[in-house]
Amino acid sequence: MQEYKTLLGGLGAIIALLAYAIYFHDIFFRHTKPHAFSWLVWTLLAGIGFAAQVTGGAGAGSWVLGVDVIVCSVIFVVALWKGERGYVWVDWISLALALFSIVLWRITGTPLLSVILICCIDALAYVPTFRKSFFKPQEESMTAFMLFSLKFILVLLALERYSIVTALYPAWIIILNVGFVGMLLWGRRVS
């Protein structure tokens, strides 16, 4: 069973790298314009999620979040240079609430409450990207976000210990990403 989990964790990390390679390609050679606010918060969340999963005994299931910490931080920097430039008040409020929620997360100290707060923060981090993509659905990489969903399915399967603390965050990300891809599909058909 351990070899199976290790294989799934490794496959999830490979899919993560493939998704990010596609995302970077789309940034530099297509029309994808990442929103820096979302990627900043996702960098912080990936770091927190990775630490929580490692301390929670997630094993190979935590590898993907380890990759995410590094790559999300690079995307944040690239987004400052090549990303969305039109920040509106909703973006600023989402960023402020997400950062404030990280402070609340730190105060809680309870693993379950922390994971629930991280899921809420992730949803707030999605607001700027969702808002931008609702009006400009061609400016996000649908393929990358589909692969992001797949990698977190593999994360769930690779977890060595299943609990609400280790599984809730990856499951939540799957739900958000699938909803986002659905919105992109709808937006591209309408426009």
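Taken together, the values in this text are just the output of simple stated rules run on the coordinates, not laboratory data. Since we're looking at a predicted model, the values are computed, not measured. A quick note on method: Cβ atoms are made from the backbone with ideal geometry, for glycine too, and the neighbour counts reach across all protein chains shown.
Per-residue Karplus couplings for region 148-161, computed as 6.51 cos²θ - 1.76 cosθ + 1.60 with θ equal to phi - 60°, are listed in order as 4, 5, 4, 4, 7, 5, 5, 4, 4, 5, 8, 4, 7, 10 Hz, Gly and Pro entered as x. Note on the chain: lysine pairs with Cα distance below 27 Å, sequence gap of 8 or more or different chains, count 10.
Among Thr108, Trp39, Leu157, whose Cα lies farthest out toward the positive end of the dipole of region 2-190, if unit charges sit on the beta carbon of Lys, Arg (+1) and Asp, Glu (-1)? Ranked along the dipole, the leading option is Trp39. Karplus-based coupling profile of region 186-191, in residue order and whole Hz: 4, x, 6, 6, 6, 7, with θ = phi - 60° in 6.51 cos²θ - 1.76 cosθ + 1.60 and x standing for Gly or Pro.
Annotation note: trypsin sites (Lys or Arg not before Pro) in region 86-162 located in DSSP loop regions with a Cβ neighbour count of at most 15 within 10 Å are Arg161. Simple point charges give the picture: +1 on the Cβ of Lys and Arg, -1 on the Cβ of Asp and Glu, and for region 2-190 a dipole about the Cα centre of about 360 debye. Positive end of the dipole of the chain (Cβ unit charges, origin at the Cα centre): among Ala125, Phe29, Trp172, the Cα lying farthest that way belongs to Phe29.
In whole percent, what relative contact order does the chain give with Cα contacts below 8 Å and a gap of six or more residues? Reported as a whole number, the value is 33 percent. Close amide H partners of Gly83, meaning residues 5 or more places away or on another chain with modelled amide H under 5 Å apart, do not exist here. Across region 31-37, computed HN-Hα scalar couplings (Karplus, 6.51 cos²θ - 1.76 cosθ + 1.60, θ = phi - 60°) run 10, 5, 10, x, 8, 4, 4 Hz from first to last residue, x flagging Gly and Pro.
Modelled label positions at Ala171 and Val90, each set 7 Å beyond Cα in the direction of Cβ, lie 2.8 nm from each other.
Between Thr143 and Val54, the distance separating the two model label sites (each 7 Å from Cα on the Cα→Cβ line) works out to 3.2 nm. Against the set (i) 46, 35, 28; (ii) 114, 34, 23; (iii) 57, 35, 30, the structure's computed Cα extents along the principal axes in Å falls on (i).
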